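Below is one structure; the comments refer to it alone.
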Amino acid sequence: MKKLLLAAVALMATMSVNAQQMFLKPMVGGTLTTITGDHSDDNKMKVGLVAGAEFGYNVTEQIAVTAGLLYSMQGSAIKDVDDNLNMDYLNIPITFNYYVIPGLAIKAGVQPGILTRAKYGDYDYKDSFKSLDISIPLGASYEFDDFVIDARYNLGVSNINDKGSHTNKNSVIMLTLGYKIPF
């Protein structure tokens with residue numbers, strides 16, 4: 001009986017330790033975005049919103065892996081024009097996080113994005129762009145209590161144009177505040 005009780009306590013302790021290694025992080029914030037590449041001299045940064053959540057797993061005290069789903073307002077403002085090119089994406093960031101010191105992580109990964117909308121003024125331009133965008137998120141985050149401030153630069157690596165011979169890529173700066181919920 002003692003062995004069975006001891007085994008049950010050990011199993012519950014192991015489950016408790018493993019449960020603390022996983023977390024969900026709802027997050028919300030802002031973006032500064034533009035489109036770079038061919039004929040982008042007239043493009044300038046545009047402000048947008050980002051919201052969603054990431055699921056994470058702490059592999060060790062210094063290494064974590066996260067995967068998320070983020071709605072991101074992207075696109076570009078154009079010099080001397082009132083309308084913006086507004087593009088909305090569902091991004092799926094997958095990042096590897098290395099904790100330099102407790103609470104401070106540097107991160108890098110890959111991020112596929114699915115285009116959900118592309119409008120310039122009242123005109124729909126979604127058919128002019130590829131439905132899939134690939135970028136490389138690079139950044140850092142700082143955790144205090146269960147809050148997380150995350151700053152990233154998403155470097156576009158795929159051409160987003162679907163028509164013509166122009167090469168253009170998304171360029172996104174993202175700042176979010178999240179809340180880490182361990183489970």
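One table, with the values for the structure above:
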item	result
Members of region 74-108 that are farther than 18 Å from MET27 by Cβ, surrounded by 14 or more Cβ atoms within 10 Å (Cβ to Cβ) and of a type in the set (Val, Ile, Thr)	ILE78
Members of region 117-168 found to be among the aliphatic types (A, V, I, L, M) and over 17 Å from THR33 (Cβ atoms), listed by number	LEU132, ALA140, VAL148, ILE149
Output for region 127-178, where each listed residue is among the basic types (Lys, Arg) and within 18 Å of VAL100 (Cα to Cα)	ARG152
Extreme residue, least open to solvent (accessible area, probe 1.4 Å), among residues of region 58-73 that are of a type in the set (S, T, N, Q) and over 27 Å from ASN168 (Cα atoms)	THR66
Cβ pairs under 8 Å, 6+ apart, first in region 93-116 and among the charged types (D, E, K, R), second open to solvent by 60 Å² or more (accessible area, probe 1.4 Å)	LYS107/PHE96; LYS107/TYR98; LYS107/LEU138
Sole residue being touching a Lys or Arg at 6+ places or on another chain (Cβ under 9 Å) and more than 29 Å from GLY56 (Cα to Cα), chosen from TYR120, TYR125	TYR125
One residue from LYS44, LYS25 being charged (D, E, K, R), open to solvent by 40 Å² or more (accessible area, probe 1.4 Å) and modelled with pLDDT of 85 or more	LYS44
Pairs, first among the β-branched types (Val, Ile, Thr) in region 145-168, second open to solvent by 70 Å² or more (accessible area, probe 1.4 Å) and in a loop (DSSP other than H, G, I, E, B), C-beta under 9 Å, six or more apart	ILE160/LYS130
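The values are calculated or read from the model by the stated rules, or taken from the named source; none is laboratory data. All figures in this text were calculated on a predicted structure; none of them were measured in a lab. Reconstructed Cβ throughout: ideal geometry from the backbone, glycine too, with neighbour counts over all protein chains shown. Heads up: the accessible areas ignore ligands, DNA and RNA and are worked out on the full protein's heavy atoms, side chains in. Shrake-Rupley method; radii C 1.70, N 1.55, O 1.52, S 1.80 Å.
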